[in-house]
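The values are calculated or read from the model by the stated rules, or taken from the named source; none is laboratory data. Quantities reported herein were computed from a predicted structural model and do not represent experimental measurements. So basically every Cβ, Gly included, is an ideal-geometry build from the backbone, and we count neighbours across all protein chains shown.
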Amino acid sequence: MPALIEAIEIKRKMFFEYEDAPYHCLDVEISKPTARGGQTLVRLKMRNLLTRAVFDRTFKAADKFREPDLVTVPATFLYADAGGHHFMDQETFDTLTLGPDVMGDDRLLLVDNLQVQIQKYNGNPIGVQFPPHVELAVAYTEPGVRGDTASGGVTKLARLETGLEIRVPLFIKEGERVKVHTETREFAGRA
C-alpha cells in the first residue's frame, strides 16, 4: 500500500494523488492560525498531470494524500506522425507514444534523438520531462543591422528548426545552433 502524505508535508515539486489523479505541486503557502483553536491551512498551486490543468486548492494541514504510482523512465525522441510523438524507452527498448493533446506546445522543443524522461502513471505514459536546455538550429532570422542597438532593441525574433519562435541577440545568424531554456522558452546561449 502506498504511503500517505499529510498536506503540511507537501513541498514544491512533489507529486501526490488527489481524487484518483496524479498532481504536481507548483507552489505551497502555509497559513498558521492567529486565534487559539484555529486550523493550519495549506494552499497548494497544483497541476493535474493527466489534464495539464493548473489550479489552487486549500487543504487542512492533516488532510492525507496517497503517493501516486508514478514512474519516470529515460527515453529518446524518435519521430512524430499523425498518431502522436514516438519515444524509445531506454531500458526496455519499447516504443512509447504520446498524443498531440498530451504534448501541446512542448512538441516545439523536440528534435531527433533528444534524451528526455517519460512519466508513467499506472504503467501508461502521461507526460515528458525535458532536460534544462535543448539545442536547436536557427531556421530563419533577420540579419542584425549595425546601429540597431541604439534604439534599445538588442534582440530579434528567430524561428528555430521546430517552429518555435524566441528572441535572440543580434549576433545570432541563420544556421547557428542555440540553447533554449525548456521551462521559460528563452535564449540560453550558443550551442
Phe130 being out of contact with any strand residue (DSSP E or B) (no Cβ under 7 Å at 6 or more places or on another chain) and among the aromatic types (Phe, Trp, Tyr): no
message: Looking at region 64-87 only, could you name the residues that are part of a loop (DSSP other than H, G, I, E, B), more than 12 Å from Phe16 (Cα to Cα) and out of contact with any Gly (no Cβ under 9 Å at 6 or more places or on another chain)?
response: Ala82
query: Could we say that Ala139 is surrounded by 13 or more Cβ atoms within 10 Å (Cβ to Cβ) and over 20 Å from Leu49 (Cα atoms) here?
result: yes
query: With respect to Arg12, is the statement that it is exposed (fewer than 13 other Cβ atoms within 10 Å of the Cβ) and either closer than 23 Å to Glu183 by Cβ or in contact (Cβ under 8 Å) with a residue 24 or more places away in the chain (or both) true?
result: yes
query: In this structure, is Arg57 surrounded by fewer than 17 Cβ atoms within 10 Å (Cβ to Cβ), touching a strand residue (DSSP E or B) at 6+ places or on another chain (Cβ under 7 Å), on the phi < 0 side of the Ramachandran plot and in a strand (DSSP E or B)?
result: yes
Pair list, Cβ < 9 Å and 6+ apart or interchain, from region 171-191 residues that are in a strand (DSSP E or B) to residues that are modelled with pLDDT under 90 and hydroxyl-bearing (Ser, Thr, Tyr): Phe187/Thr155
- request: Go through region 20-48 and give me each residue that's under 30 Å from Asn122 (Cα atoms), more than 18 Å from the chain's Cα centre (by Cα) and among the charged types (D, E, K, R).
  value: Asp20, Glu29, Arg43
- prompt: Out of all the residues in region 169-185, is one or more of a type outside the set (D, E, K, R), modelled with pLDDT of 90 or more and more than 30 Å from Val71 (Cα to Cα)?
  reply: yes
